[in-house]
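First comes the structure, then the notes that go with it.
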Amino acid sequence: MQFQVSGAFRDSGEDVSVTVTAGDYLEAERYAHRLGIMVLRIEPVVPARAVPPVERQPVSHAYEPSYAPPKVQTIEHTGKSLKFGMLVGGCMAMGSPFGCLLQDGESTGVLLALVLFVGGVMIMVMFRLLAWWEHG
C-alpha cells in the first residue's frame, strides 16, 4: 500500500512530501524516520481509478504520529481571588478561638476573638455570595 508522508527534513527543516510503499502506517512512519523526515501527517494514497468520480474527496482520516506534541490546554483563572477571599475569611473564623485561648480568658481577648470570628464569617459569606453572583 502507498502512503503520502508529509513533514520536514530533520536537519534543514525544509518541508517535504513523499510517497512511500509500506504495509501499514507505522512501517511508513519508520521508513520516513530513516530518510530523516520528521513526520507531520501520513495519509493513504488512493488510486484515481479505484474511486468513482462522484466520491473523489480528500482523505480525512489522517494518521497522527505516535510522538505528536500534546494538545495545549487553557487553564481558566476565574474565581481564584474569590476563593482566596473565602479562604481568608474561613481562616479568620477558625483561628479566632485560638486567640481566645492564648489570652487566658481575659475580656479583651474574648472580645477580640469574637470580633475576628464574626468578621471572618462575614468575609467568607460575602466572597461566597460574590462567587455565586459571578459564576452562577
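The values are calculated or read from the model by the stated rules, or taken from the named source; none is laboratory data. What you see is a predicted model; the values in this text were computed from it and never measured. Reconstructed Cβ throughout: ideal geometry from the backbone, glycine too, with neighbour counts over all protein chains shown.
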- Task: Determine if the range 93-115 includes at least one residue that is modelled with pLDDT of 85 or more and in contact with a Gly (Cβ under 8 Å, 6 or more places away or on another chain).
- Result: yes
- Within the range 18-36, track down each residue that is loosely packed, with under 13 Cβ neighbours inside 10 Å and assigned to a strand (DSSP E or B). T19, T21
- Return yes or no: is V39 surrounded by 16 or more Cβ atoms within 10 Å (Cβ to Cβ) and in a strand (DSSP E or B)? yes
- Residues of the range 122-136 being in a helix (DSSP H, G or I) and over 14 Å from F84 (Cα atoms), which ones? M122, W132, W133, E134, H135
- Task: Enumerate the pairs (first residue in the range 27-45 and in contact (Cβ under 8 Å) with a residue 12 or more places away in the chain and closer than 13 Å to Q4 by Cα; second residue anywhere and in a helix (DSSP H, G or I) and not polar (S, T, N, Q)) with beta-carbon separation below 8 Å, excluding pairs fewer than 6 apart on the same chain, so at least 6 apart or on different chains.
- Result: V39/E29; V39/A32; V39/H33; I42/Y25; I42/A28; I42/E29; I42/A32
- Item | Residues of the range 9-64 classified as among the small types (G, A, S) and modelled with pLDDT of 90 or more, total | 5
